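Working notes, beginning with the structure itself.
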Amino acid sequence: MLVLGIDPGTAITGYGLIRETVDGLQIVDYGAIRTPKDLPLSERLLLLHEKLNEIILLHHPQTGAVEKLFFQRNVTTALSVGHARGVVLLAMAQAGIPVYEYTPMQVKEAVVGYGGADKRQVQEMIKALLAMEEIPQPDDAADALAVAVCHLHSARFDQLIAGMGDK
């Protein structure tokens, strides 16, 4: 299964594509979509949508995983992330990709084993789980890879539970 993980943001949206194989997890691609600050919001969101569509058309992910907007002290930041999340959800829905959403705590729990893990712990674990030589950059890309790993772990767990019900 090929998963597209997304860490949404208006200025920077991280993305990571991970495939689960019989040998483990394999990175297909990762990076960040950046939008210029001097563009109006509508144009930034259009640019984000176009770049996401390019990634989806290039890789044909079977499923998507997006970080949920959990809690933001800064209302402006929350609105900005919310706009980007909407664009991400729209792009995946238009492509017919099922989307799963995870809170930051769920991502940390799935990747590190502790929902209160800090950003550096998550990055180090992503580096180890994906056999990378360095922590992926920028941070948004590392976060997106973590969201994809979270989904793969969650999907595997759900399959195990479903299999237990068949017995």
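The values are calculated or read from the model by the stated rules, or taken from the named source; none is laboratory data. Just so you know, these numbers come straight off a predicted model, no measurement behind them. Glycine gets a Cβ as well: all are built from the backbone with ideal geometry, and neighbour counts include every protein chain shown.
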Criterion: aliphatic (A, V, I, L, M), at pLDDT below 95 and under 23 Å from THR21 (Cβ atoms) - qualifying residue of VAL149, VAL99, VAL112: VAL112
Going through the stretch 134-153 one residue at a time, which ones are in contact with a helix residue (DSSP H, G or I) (Cβ under 8 Å, 6 or more places away or on another chain), not in a helix (DSSP H, G or I) and not aliphatic (A, V, I, L, M)? GLU134, PRO136
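So, ALA110, is that one among the aliphatic types (A, V, I, L, M) and either surrounded by fewer than 19 Cβ atoms within 10 Å (Cβ to Cβ) or touching a residue at least 60 places away in the same chain (Cβ under 8 Å) (or both) or not? First the steps, then the outcome.
On the way: among the aliphatic types (A, V, I, L, M): yes; either surrounded by fewer than 19 Cβ atoms within 10 Å (Cβ to Cβ) or touching a residue at least 60 places away in the same chain (Cβ under 8 Å) (or both): no.
Here the answer is no, as ALA110 does not meet what is asked.
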THR103 being among the hydroxyl-bearing types (Ser, Thr, Tyr), within 13 Å of the chain's Cα centre (by Cα) and within 29 Å of LYS37 (Cα to Cα): yes
Please count how many residues of the stretch 132-151 are free of Cβ contacts under 8 Å to residues at least 12 places away in the same chain and over 26 Å from THR35 (Cα atoms). 1
Listed by first then second residue, the pairs whose first member lies in the stretch 75-93 and is more than 14 Å from ALA65 (Cα to Cα) and of a type in the set (A, V, I, L, M), whose partner is modelled with pLDDT under 85 and surrounded by 16 or more Cβ atoms within 10 Å (Cβ to Cβ), with beta carbons under 9 Å and at least 6 positions apart or on separate chains, are ALA78/LEU69; VAL81/LEU69
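Is it the case, given these coordinates, that ASP118 is of a type in the set (Asp, Glu) and in contact with a Gly (Cβ under 8 Å, 6 or more places away or on another chain)? So that I can check it myself, show each step before the final result.
Working: of a type in the set (Asp, Glu): yes; in contact with a Gly (Cβ under 8 Å, 6 or more places away or on another chain): no.
The answer is no for ASP118.
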